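The values are calculated or read from the model by the stated rules, or taken from the named source; none is laboratory data. Worth saying up front: this structure is predicted, and the values here are computed from it rather than measured. Note that each Cβ is placed from the backbone with ideal geometry, even for glycine, and that neighbours are counted across all protein chains shown. Heads up: the accessible areas ignore ligands, DNA and RNA and are worked out on the full protein's heavy atoms, side chains in. Shrake-Rupley method; radii C 1.70, N 1.55, O 1.52, S 1.80 Å.
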Amino acid sequence: MTENAALVLFSGGQDSTVCLAWALDRYQRVETVGFSYGQRHAAELGQRHTLRESLSTLLPHWGERLGPDHMLELPELGRLSDTALTRDAEIELTAAGLPSTFVPSRNLLFFTYAAALAYRRGMCILVGGMCETDYSGYPDCRNETLQALGKAISLGMDADFALVTPLMWIDKAGTWALAEQLGGTPFTELIVEDTHTCYLGIRSRRHTWGYGCGHCPACHLRAKGWEKWQQQKRS
Ligand code: ZN
């Protein structure tokens, strides 16, 4: 197990792309893992290859550090969960007070599978873009959940795993600012152009902040963060 390598949960969305850049900035070797579980926004996964290619040419040391990509199929998760992210259903607030896009157990499974893969690859650092600052209230994005999961994984595999979440305590405007800090304007432009966030998988409508339907919760969060970041830059 090496402290100098990290496996990044990489979906092709804005948050995981910033996390990938963050990891490339810090670790000597970085690999990526993606999950296919029948999500409606599979457009996101289609952007992964493009983004990896672009990131590896953006800064020379990023290209040297970026290792293989892994794609894991979890169709059972899509079949098990009755959510607006995996079915053609309305995106709304459920009786539990959570958006109907919440896929129960998703991040728990993702990290557990990622840990099994990292174990085989000799890595013990797992990086994910979860955030509980301005999020949709998903309980599996909370720091407490992920710290406990990290402990369970470490005990269960008898290895010292760390679940690292660089975006946990910053808001969406902060994520844009971090991206700029890591890779300058070329990187923020790349995020606008090539990362995908929209839950409905729409890439035919272009806004200043990127592509998407413009009205689903994911588009709202992304647009709001962009506006706030623009304001912060002007003031
Ligand atoms: Zn949308």
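Numbers at a glance
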quantity	calculated
Every residue from segment 4-44 that is part of a loop (DSSP other than H, G, I, E, B) and in contact with a His (Cβ under 8 Å, 6 or more places away or on another chain)	GLY12, GLY13, HIS41
Cβ-Cβ under 8 Å pairs, at least 6 apart or on other chains, segment 181-203 side farther than 12 Å from THR17 by Cα, far side more than 16 Å from the ligand (Cβ to nearest atom)	PRO186/LEU58
Breaking point among (1) surrounded by fewer than 22 Cβ atoms within 10 Å (Cβ to Cβ); (2) touching a strand residue (DSSP E or B) at 6+ places or on another chain (Cβ under 6 Å); (3) not in a helix (DSSP H, G or I), for LEU163	(1)
Residues within segment 15-53 that are among the polar types (S, T, N, Q) and crowded, with 17+ Cβ neighbours inside 10 Å, tallied	5
Extreme residue, nearest to the chain's Cα centre (by Cα), among residues of segment 180-196 that are of a type in the set (S, T, N, Q) and open to solvent by less than 30 Å² (accessible area, probe 1.4 Å)	THR195
Residue that is nearest to the ligand (Cβ to nearest atom) [pool: residues in segment 204-235 that are within 12 Å of VAL192 (Cα to Cα) and touching a residue at least 60 places away in the same chain (Cβ under 8 Å)]	ARG222
Enumeration of residues in segment 124-158 that are among the hydrophobic types (A, V, I, L, M, F, W, C), outside any helix (DSSP H, G or I) and modelled with pLDDT of 95 or more	CYS124, ILE125, LEU126, VAL127
Residue list for segment 194-228, restricted to those being part of a helix (DSSP H, G or I) and of a type in the set (A, V, I, L, M)	ALA218, LEU221, ALA223
Test: residue in segment 189-202 that is within 10 Å of the ligand (Cβ to nearest atom) and on the phi > 0 side of the Ramachandran plot	yes
